[in-house]
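Contents: one structure, followed by commentary.
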Amino acid sequence: MVEKNIILAGVGGQGILSIAFVIDNAALDAGFHFKQAEVHGMAQRGGAVQSNLRYGDSEIHSDIIPTGRADLILSIEPLEVLRYWHFLQPDGWVVTSITPYVNIPDKPETDDLRAQLAAFENIVMVDTAHIAKAAGNLRAQNMAAIGAASELLDFSDEQLLRFVEKLFARKGEKIVAVNQRAFKYGRAAGLFFRGLVDGGMPRLAAIKLSAKLAA
């Protein structure tokens, strides 16, 4: 039985709904039922943007994820993880960018924020800004984030990449290639981070090493 409850989180302009498009369509392509709900907040001012996304192989009756039932929080903004962590079930996962979006005056220090994130048992941290730049466009951070989370989803890379292509096709082959490359780099970065942590490296040391390689 497959049932996956995902909270997508970030701020306005980071392409949360583009992530939802790719995952939603991959779920349909795989034959799953799905429901999605968005909360836009103050998106146009760089405010919080969040989406509940649920898919599975049986009918889904609500598009809202109950507290304590999320399997995954996928966030492009690290502080947003702390806004929604209480939705995670005990063995749930967090996949997050470590790239802060400075949109409030009292933003926590980056090192303090990373230390709080490193306390999560099941977490993948990637530097989506460096990954997106390496892929060719800083705006591709959202596709890098999907790549980093792809190992925790129920679709093949080919399925996900097909809908990355569909999402950006009207913008031309170059933009498609950049975003597919960001996905692949993000996947590699996520697997690298998990491999370091599984091998015994502390999470903060793992993200520092990952960021150096991404640079």
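The values are calculated or read from the model by the stated rules, or taken from the named source; none is laboratory data. What you are looking at is a predicted structure, and each value in this text was computed from that prediction instead of being measured. In this analysis, Cβ positions are derived from the backbone assuming ideal geometry, glycine residues included, and neighbour counts consider all displayed protein chains. For accessibility, only protein heavy atoms count, side chains too; no ligands or nucleic acids. Shrake-Rupley method; radii C 1.70, N 1.55, O 1.52, S 1.80 Å.
Residues are listed down the side, and each one gets a yes or a no for (1) of a type in the set (S, T, N, Q); (2) buried (at least 24 other Cβ atoms within 10 Å of the Cβ); (3) under 25 Å from residue 113 (Cα atoms):
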site	(1), (2), (3)
131	no, yes, yes
142	yes, yes, yes
147	no, yes, yes
161	no, no, no
186	no, yes, yes
Q) Out of all the residues in the stretch 80-87, is one or more under 21 Å from residue 144 (Cβ atoms) and crowded, with 21+ Cβ neighbours inside 10 Å? A) yes
Q.
Among (1) closer than 24 Å to residue 34 by Cα; (2) part of a helix (DSSP H, G or I); (3) open to solvent by 10 Å² or more (accessible area, probe 1.4 Å), there is one condition residue 211 misses while meeting the rest; what is its number?
A. (1)
(Q) Could you list, ordered by first residue, the pairs with Cβ atoms under 6 Å in which the first is in the stretch 80-104 and modelled with pLDDT of 95 or more and the second is of a type in the set (Lys, Arg) and open to solvent by 30 Å² or more (accessible area, probe 1.4 Å), at least 6 apart or interchain? (A) 89/69
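Looking at the stretch 106-113, is at least one residue modelled with pLDDT of 95 or more and surrounded by fewer than 17 Cβ atoms within 10 Å (Cβ to Cβ)?
No, because not a single residue in the stretch 106-113 is modelled with pLDDT of 95 or more and surrounded by fewer than 17 Cβ atoms within 10 Å (Cβ to Cβ).
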**Q.** Filtered residue count, the stretch 112-171, keeping only those that are free of Cβ contacts under 8 Å to residues at least 24 places away in the same chain, aliphatic (A, V, I, L, M) and outside any loop (DSSP other than H, G, I, E, B)
**A.** 3
**Q.** Given (1) at pLDDT 95 or above; (2) within 24 Å of residue 186 (Cβ to Cβ), number of the condition residue 69 does not satisfy
**A.** (2)
Q: Select, from 194, 114, 181, 203, the only residue that is within 17 Å of the chain's Cα centre (by Cα), charged (D, E, K, R) and within 16 Å of residue 93 (Cβ to Cβ).
A: 194
